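Here is the structure we will look at.
No lab work stands behind these numbers, since they all come straight from the coordinates. Everything numeric in this text was worked out from a predicted model, so none of it was measured. All Cβ positions, even for glycine, are placed from backbone atoms using ideal geometry, and neighbour counts span all protein chains on display.
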Amino acid sequence: MAVVETRKLTKVFGKAEAGAVNAVDLVTRDGEFLVFLGPSGSGKSTLLRMIAGLEEPTAGDVLIGGKVVTRLPPRARGIAMVFQSYALYPHLSVQRNIGFPLKAHGVPKEKRLERVRWAADLLGIGHLLERRPRELSGGERQRVALARALVREPTVFLLDEPLSNLDAKLRASAREELTQFHKRVGTTTIYVTHDQVEAMAMGNRIVVLDKGIVRQIGTPREVYDEPADTFVATFLGSPP
Ligand code: ADP
Ligand code: MG
């Protein structure tokens with residue numbers, strides 16, 4: 001079943017002449033790692049935010065698990081989102097940071113601890129639960145943010161350039177970790193990046209965006225070897 005579907009999803013900000021996102025139709029496959037790839041300003045974040053319910057569409061619909069959720073608030077959509085700036089609570093331990101979404105939803109303490117342990121172990125940070133964010137490396141903080149997003153077992157994971165604050169070396173290993181992590185949990189994931197190499201390395205399929213329009217949807221090989229138009233050919237062919 002399609003986990004996320006958009007139908008003619010459109011966003012026009014204020015009196016702008018062109019839409020930031022223009023009639024986007026897409027369907028995710030269950031468990032896939034789908035990448036939104038495009039240059040800065042191509043509408044990737046806006047599209048993702050509309051799926052998350054953080055941005056109201058001008059037109060069109062979002063469906064999750066076959067149900068129209070266009071008018072539902074983010075918390076009713078069964079999704080979790082990790083942003084570029086993954087703010088952790090600096091005064092709370094890793095354990096409390098990860099458990100926070102559960103607490104906010106009234107999950108009892110016993111159950112909470114169990115879920116936190118599960119998420120932390122999945123991300124290999126089970127030994128860091130007592131630390132504060134300032135006592136962690138950039139990569140470890142990243143993993144805490146992912147664990148926090150994972151802890152409620154979302155049906156969809158939305159990641160908006162989550163690695164862009166990391167240096168090149170850390171980024172390469174974090175990329176690999178995320179890919180492995182996705183293989184383990186199998187949660188349908190939509191991942192936003194402007195980095196062609198990242199998209200090629202991580203995506204099961206890539207949605208190439210330009211000016212809020214889907215230029216092509218295909219496997220990394222398809223968009224690279226058989227670009228649908230000159231935009232895709234030029235963008236995929238040029239170094240990031
Ligand atoms: P990307 O994530 O691909 O860099 P965005 O979705 O952030 O692109 O932006 C797409 C377009 O929408 C850009 O032209 C941007 O300036 C515009 N935009 C994004 N957010 C807003 C906003 N809150 N108000 C007005 N314009 C916006
Ligand atoms: Mg963006």
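Data overview
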item	result
Cβ charges +1 (Lys, Arg) and -1 (Asp, Glu), total dipole of segment 149-240, debye	240 debye
Computed label-point distance, nm, for sites E110 and A76 using a 7 Å Cα→Cβ extension	3.2 nm
Label point distance in nm, D25-K211, each placed 7 Å from Cα along Cα→Cβ	2.1 nm
Ranking of T230, T6, T155 by count of other Cβ atoms within 10 Å, fewest first	T230, T155, T6
FRET efficiency for A16 and W118, using Cβ-Cβ distance with R0 set to 41 Å, rounded to 0.05	0.40
Residue (of L129, L178, V144) at the positive-pole extreme of segment 126-240, dipole from beta-carbon charges	L129
For M200, M81, M50, order by how many other beta-carbon atoms lie within 10 Å, fewest first	M200, M81, M50
Acute angle (nearest 10 degrees) that the helix 168-185 long axis makes with the longest principal axis of the chain, alpha-carbon atoms	80 degrees
Rel. contact order, % - alpha carbon contacts under 8 angstrom, at least six apart, segment 1-96	30 percent
Added length on full extension, which subtracts the Cα-Cα distance from 0.36 nm per residue, Y89 to K183	31.0 nm
Two-decimal Rg to Rh for the chain - Kirkwood Rh, Cα set	0.97
Percent of beta bridges antiparallel (DSSP, segment 92-240, rounded to nearest 5)	50 percent
When each of K15/K169; K8/K111; K109/K169; K8/K109; K44/K67 is checked by Cα-Cα distance, pairs over 32 Å	K15/K169; K8/K111; K109/K169; K8/K109
Helix axis angle, 94-104 relative to the chain longest principal axis, alpha carbon, degrees	70 degrees
For segment 139-225: Kirkwood Rh in Å [reciprocal of mean 1/r, alpha carbons]	13.9 Å
Percent RCO, i.e. relative contact order, over segment 118-240, from Cα pairs under 8 Å lying at least 6 residues apart	17 percent
Helix axis angle, 138-150 relative to the chain longest principal axis, alpha carbon, degrees	90 degrees
Extended-chain gain in nm, criterion 0.36 nm per residue less alpha-carbon gap, T230 and K169	18.8 nm
Most positive-pole-ward Cα, H194, P73, F100, against dipole of the chain from beta carbon charges	F100
Candidates R75, R115, R171: whichever shows maximal mean-square fluctuation once the chain is modelled as a Gaussian network with Cα springs under 10 Å	R75
